[in-house]
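What follows is a set of notes on a single structure, which appears directly below.
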Amino acid sequence: MNKFLAVFLLSLFAAQPAWAQFDKVLKDLGGIMGGGGLSDAKIGSGLKEALKIGTENAVVQTGTVDGFLLNKAIKILMPKPLQSMEQPLRLVGYGPQIDEFVVGMNRAAEKAVPFAKEIFWDAIGEMTIDDAGKILNGGDTAATNYFKTKTSKKLQAAFRPSVEDVMNQVGVTRQYNDLIGRYRSVPFAQSITFDVNQYVTEKTTDGLFYVVAQEEKKIRTNPAARVTDLLKEVFGKAKR
């Protein structure tokens, strides 16, 4: 396999605790991929550098103000079970409250994202040669799919407390309860029971993985993503 894919394999996540085990994986990967003019040490350095850059890109994009709200692909919208009450409430003047509710859900997601870093690092440390081989031979989002399998449940467990805290701080929980109460006063309104915190937690995870997948595709296909001399050297060798 070429070293370009090897560099991308870990272009999304970097961590100090994982490197002891991961260095061994790098050496084994070097054997799998063969020569090509670059030492295992240089390949390893390139991978670590790409990991750091990829992680920063994904977190900066999603973990800042409007990282979710202004990204149409991952913006958290009114939950489907609650969409039936949106129009009746807007008709009676509750449009601004609904809009604030949507903004608050996205703010909670943006605050939760940074908790992903350590979990991703642990997944790197657990990566086996078999995992690496599957990713190297996989499609454009093979690495993203690996991390989905390894980290989704852990991410949701880490995100949920932060989501609940931020939702309370910015008044989303209060807004949700108020909207539900107002909706129930509308004639013929259906009963609604919904865990809004879990909904935001799941959408935060989905949105983060979406951006990770975009970063993966970018590293695989876009030379402009090689933003340091070391990455240019490793990627350049890989294309020969």
Per the 1/(1 + (r/R0)^6) rule, R0 = 51 Å and r from the Cβ atoms of residue 217 and residue 174, FRET efficiency to 0.05 is 0.80
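Could you put 202, 110 in order of accessible surface area, largest first, with the 1.4 Å probe and the full protein assembly present? All intermediate terms of the calculation are to be shown ahead of the outcome.
Values: 202 75, 110 10 Å².
Ranked list, largest accessible area first: 202, 110.
Work out how much length residue 195 to residue 91 would gain on full extension: take 0.36 nm times their residue separation and subtract the Cα-Cα distance, in nm to one decimal.
Details: separation 104, 0.36 × 104 = 37.44 nm, distance 2.47 nm.
Extra length from residue 195 to residue 91 when fully extended: 35.0 nm.
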If one computes the Cα centroid of the range 162-180 and of the range 82-120, what distance in Å separates the two points? 9 Å
Run the numbers for residue 83 and residue 66: contour at 0.36 nm per residue of separation, minus the present Cα-Cα distance, in nm. 3.9 nm
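The values are calculated or read from the model by the stated rules, or taken from the named source; none is laboratory data. Because the structure is predicted, anything quoted here is derived from the model rather than measured. Because the Cβ atoms are built from the backbone with ideal geometry, glycine has one as well, and the counts that use them run over all protein chains shown. Ligands, DNA and RNA are stripped out before the accessible areas are found, and what is left, the full protein with its side chains, is counted by its heavy atoms. Shrake-Rupley method; radii C 1.70, N 1.55, O 1.52, S 1.80 Å.
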